[in-house]
Amino acid sequence: MTEIVKSSAPKILAEINKANNILLHCHPSPDPDSVGSALAMKFALEGLGKNVTLIQGDNEIPKAFDFPGVQTIAKKSYGEINPVDFDLFIVLDAGSKKMISFRNEVVFPENMRIIIVDHHASNEGFGHINCIDASYSSASQMIFDLLKEMGVKLTHDIALNLFMGMYTDSGGFKYGKVNSETFKIVAELVDLAPEFAKTIFTMDNSNSKSALIFEGLALSSLREFYGGNLVIASVTNQQIIDNRIVKDEIYTSNISNKIKSVEGQNIGVCMVEPEPNLIKMSFRTRDENKYDVSKLAVALGGGGHKAAAGARLNMTIPEAIDKVVETAKIVYNL
Ligand SMILES: [Mn+2]
């Protein structure tokens, strides 16, 4: 437990106690940390007798996420609810307002209190209470500490959701921020949810045909820059249409991760054009100290972590490649 979480907990609990209708969300292109931390918080708040609405946000929750309570997530984005209906919005795992919704500008009504709980270093703190601590490998681990400090008793469903968020955001307990504290928490979670491996199996083995076709296209498009230090994969909107790829089944991070698995390929970029002139990008690095990809992402208007980040651009694929290559040169002095 860090000092930031410890000191935030009583303030957060006081806000929760005052609130009647609480809003939670999943971020655009939801990942297991977003969904797991939100579901765990939902169960905890309901245990405290609160009315809670958890919205899926801009995108559908992937079918592969067979987490307890996932069917209770409302199929709405922030633009499709009436924010004045809520007196508290607890924003989890979202480094900026764009990670609440890309579709519309996110405006908070005056009556709504905002609590941020996040582990993205790029988070500037846009809430009334900002519990932001980049030393955590996942938002789910922050929620574990927060719930402990708030005196909430963990249930099986809370534990399994937190486990999935912690497991995934730490790359399967492989990333730099994982420490003995992580494993002590995991030991407690696994005691409560001993069948965790089944949920991981479902997540890892729910690949769609679209995902495989996309990976094939992306991996056959690789272009090397700066002596192979930066490698970019790209798939155009026309290719998505021609190959009948289902857009919700595209995972660019699988490709950027594969790129950086090759020695010498320090920065892996995968870009896709799901709509004409909208480029979604994911960045991964094999050396987060030398090539902190959150810096590249922030320079391109996005955000993320040192080892894993993302951004969006409104341009064509060739323009986006030029933009990333130029920006990487400046950011990393290539
Ligand atoms: Mn996260």
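The values are calculated or read from the model by the stated rules, or taken from the named source; none is laboratory data. Small disclaimer: the values here were computed from a predicted structure and weren't measured. Note that we place each Cβ from the backbone using ideal geometry, even for glycine, and neighbour counts take in every protein chain shown.
Worth pointing out:
- Restricting the first member to segment 96-124 and to residues that are farther than 20 Å from M142 by Cα, and the second to residues that are modelled with pLDDT under 95, no beta-carbon pair is closer than 7 Å while six or more apart or on different chains.
- Test: residue in segment 30-39 that is in a loop (DSSP other than H, G, I, E, B) and at pLDDT 95 or above: yes
- Breaking point among (1) crowded, with 17+ Cβ neighbours inside 10 Å; (2) under 19 Å from the mean Cα position of the chain (by Cα), for G172: (1)
- M99 passes every criterion in (1) within 18 Å of L162 (Cβ to Cβ); (2) among the aliphatic types (A, V, I, L, M); (3) crowded, with 17+ Cβ neighbours inside 10 Å apart from (1).
- All of G79, G57, G47 fail the test of being within 15 Å of the ligand (Cβ to nearest atom) and farther than 14 Å from M164 by Cα, apart from G57.
- Candidate set: segment 99-114, residues that are of a type in the set (D, E, K, R) and at pLDDT below 95; chosen: the one farthest from the ligand (Cβ to nearest atom): E105
- Residues of segment 309-334 that are crowded, with 18+ Cβ neighbours inside 10 Å and hydrophobic (A, V, I, L, M, F, W, C): A309, A311, L313, I317, A320, I321, V324, A328, V331.
Matching residues to (1) among the charged types (D, E, K, R); (2) in contact (Cβ under 8 Å) with a residue 24 or more places away in the chain; (3) surrounded by 15 or more Cβ atoms within 10 Å (Cβ to Cβ); (4) closer than 19 Å to A308 by Cβ:
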position	(1), (2), (3), (4)
S208	no, yes, yes, no
I232	no, yes, yes, yes
V235	no, yes, yes, no
Q239	no, no, yes, no
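- The residues of segment 14-27 that are assigned to a loop (DSSP other than H, G, I, E, B) and surrounded by fewer than 20 Cβ atoms within 10 Å (Cβ to Cβ) amount to a single one, N20.
- Selection status of E288, within 16 Å of the ligand (Cβ to nearest atom) and surrounded by fewer than 21 Cβ atoms within 10 Å (Cβ to Cβ): yes
- Just one of the listed residues (I241, I232) is among the aliphatic types (A, V, I, L, M) and touching a Lys or Arg at 6+ places or on another chain (Cβ under 6 Å), namely I232.
- Just so you know, in segment 76-86 the residues that are in a loop (DSSP other than H, G, I, E, B) and crowded, with 16+ Cβ neighbours inside 10 Å include one that is nearest to the chain's Cα centre (by Cα), and it is S77.
- Of the residues contained in segment 32-42, none is found to be more than 24 Å from L160 (Cα to Cα), over 13 Å from the mean Cα position of the chain (by Cα) and of a type outside the set (F, W, Y).
- When V91, V117 are checked against the criterion of being of a type in the set (V, I, T), within 12 Å of the ligand (Cβ to nearest atom) and touching a strand residue (DSSP E or B) at 6+ places or on another chain (Cβ under 6 Å), V117 stands alone in meeting it.
Results for (1) more than 24 Å from G125 (Cβ to Cβ); (2) surrounded by fewer than 23 Cβ atoms within 10 Å (Cβ to Cβ), shown as yes or no for each residue.
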position	(1), (2)
I4	no, yes
S29	no, yes
K42	no, no
P68	yes, yes
A74	yes, yes
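- Among (1) out of contact with any Phe, Trp or Tyr (no Cβ under 9 Å at 6 or more places or on another chain); (2) within 13 Å of the ligand (Cβ to nearest atom); (3) under 16 Å from L24 (Cβ atoms) - the single one Y136 does not satisfy: (3)
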